[in-house]
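Asker: Submitted below is the structure of interest, expressed as structure tokens.
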Amino acid sequence: MKKWYVVQAKPRDEERAELELANQGFTIYLPKIVVEKKKSNKIQKVQEPLFPRYLFIQLDYTHDDSYTIRSTRGVGSGLLLFGGTPAIVPDVIIEDIRSMCENSTAYPKPLYQQGDTLLVREGPFKGLIGVLEKINAASTGEARVLVLIELLGKIQRLTFPINQVTLA
């Protein structure tokens, strides 16, 4: 009977492992979610693995040749083991992960959320910490953040390019 197992991939090589294992005839699932990332002062939606370096493979451990998995391009140490026994993932967990990943395209994980504590990384206010009020997209497409920072005993609203701040 086929069950789901966890395969450990090499760093940032999950997609190669997925392709190579699928080419060998295995049923593979690499869960991905949509997240917002900063790129050149803009916020872009990108798809990335939900569990970096891990993907799921469905096989019958007693009958399928699991030894080829470890030597597959993109695969790191092979199947994830606990006490020398491969970790089995119940079908219901895989279905829950699939459902969650499908919902991530409709509701991507935002880069920052209102109320996040941000650190100013550069410019004249470098080193100051404030609270994110909102993110604005300028007409040029560049994203800017409105941050509440305490200066001289008062809360000030300051705007920064998104690439000048990070989570504190």
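The values are calculated or read from the model by the stated rules, or taken from the named source; none is laboratory data. Since this is a predicted model, take the numbers as computed values, not measurements. In this analysis, Cβ positions are derived from the backbone assuming ideal geometry, glycine residues included, and neighbour counts consider all displayed protein chains. Only protein heavy atoms, including side chains, enter the accessible area calculation; ligands, DNA and RNA are left aside. Shrake-Rupley method; radii C 1.70, N 1.55, O 1.52, S 1.80 Å.
Asker: How far is helix 91-106 tilted off the main Cα axis of the chain, in degrees rounded to 10, range 0 to 90?
Answerer: Approximately 30 degrees, to the nearest ten.
Asker: Which of rounded, prolate, oblate describes the chain, given a ≥ b ≥ c as roots of the alpha-carbon gyration tensor eigenvalues and a/c under 1.5 marking rounded, otherwise prolate only if a/b is larger than b/c?
Answerer: Verdict is prolate for the chain.
Asker: Which pairs break 31 Å Cα to Cα here: 32/134; 10/38; 2/38?
Answerer: 2/38
Asker: Multiply the residue gap between residue 10 and residue 122 by 0.36 nm, knock off their C-alpha separation, and tell me the result in nm, one decimal place.
Answerer: 36.9 nm
Asker: Right, something else. Under a straight-distance cross-link criterion of Cα-Cα below 19 Å, which aspartates and glutamates are reachable from residue 3, leaving out those fewer than 8 residues away in the same chain?
Answerer: Hits, sequence-local ones excluded: 18, 60, 64, 65, 91, 95, 96.
Asker: If you don't mind, another one. Nearest 10 degrees is fine. How inclined is helix 14-23 to the longest principal axis of the chain, computing both from alpha carbons?
Answerer: Tilt relative to the chain: about 30 degrees.
Asker: How large is the accessible surface of residue 95 in square angstrom, using a 1.4 angstrom probe and rounding to the nearest 10?
Answerer: 100 Å²
Asker: I would also like to ask the following. Describe numerically, in nm with one decimal, the distance between label points set 7 Å from Cα along Cα→Cβ at residue 50 and at residue 155.
Answerer: About 3.7 nm separates the two model spin labels.
Asker: When you count, for each residue, the other Cβ atoms within 10 Å and take the mean per peptide, how do 51-61, 84-94 rank with the highest first?
Answerer: Ranking the peptides 51-61, 84-94 by packing returns 51-61, 84-94.
Asker: Can you order the peptides 149-161, 71-83 by their average number of other Cβ atoms within 10 Å per residue, highest first?
Answerer: Those peptides, ordered most packed to least, come out 71-83, 149-161.
Asker: Show me, bin by bin at 5 Å from 0, the whole-percent P(r) of region 1-70 based on Cα pairs.
Answerer: For region 1-70, the pair-distance distribution reads 3, 16, 24, 20, 14, 9, 6, 4, 2, 1, 0.
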